[in-house]
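The values are calculated or read from the model by the stated rules, or taken from the named source; none is laboratory data. Because the structure is predicted, anything quoted here is derived from the model rather than measured. Don't worry about glycine lacking a Cβ; one is built from the backbone with ideal geometry, like all the others, and counts go over all protein chains shown.
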Amino acid sequence: MIHTGKLIAILPAAALAACATTSANEPGTPDAGNAETAMCDPAAAQSYVGQKATPQVGEQILDATGARQLRWGPPRTAFTMDFRQDRVNVMYDDAMTITQVTCG
């Protein structure tokens with residue numbers, strides 16, 4: 001049986017743990033298999049503009065651009081302006097058609 005006082009003491013720690021994130025590919029952290037940070041090449045994925053946005057196409061775009069991270073861009077969505085040279089951004093419209101592929 002958990003007493004209310006103990007539960008209240010545990011809640012702040014649980015909330016902080018929920019905010020913590022870890023990633024093997026943090027910006028500036030070399031990948032274990034690659035000493036250099038990956039660079040995204042958006043030109044390699046321009047042929048995907050006009051195709052349907054699907055998980056499979058997302059994987060193909062990652063492979064084509066050399067990016068490590070994919071960020072989908074749904075219509076009418078705000079994005080952070082942080083730049084990541086290893087991230088590809090794939091914007092699509094209401095019909096799930098890819099409208100733009102950029103890096104950053």
- Assess whether ALA64 counts as being modelled with pLDDT under 85 and part of a helix (DSSP H, G or I). no
Within segment 82-104, residues buried (at least 19 other Cβ atoms within 10 Å of the Cβ) and outside any strand (DSSP E or B) come out as ARG84, ASP86
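Would you confirm whether any residue within segment 60-81 is on the phi > 0 side of the Ramachandran plot and either touching a Ser or Thr at 6+ places or on another chain (Cβ under 8 Å) or surrounded by 11 or more Cβ atoms within 10 Å (Cβ to Cβ) (or both)?
Going through segment 60-81, the residues on the phi > 0 side of the Ramachandran plot turn out to be 66, 76.
Pick out the ones that are also either touching a Ser or Thr at 6+ places or on another chain (Cβ under 8 Å) or surrounded by 11 or more Cβ atoms within 10 Å (Cβ to Cβ) (or both) and you get 66.
Yes: one or more hits.
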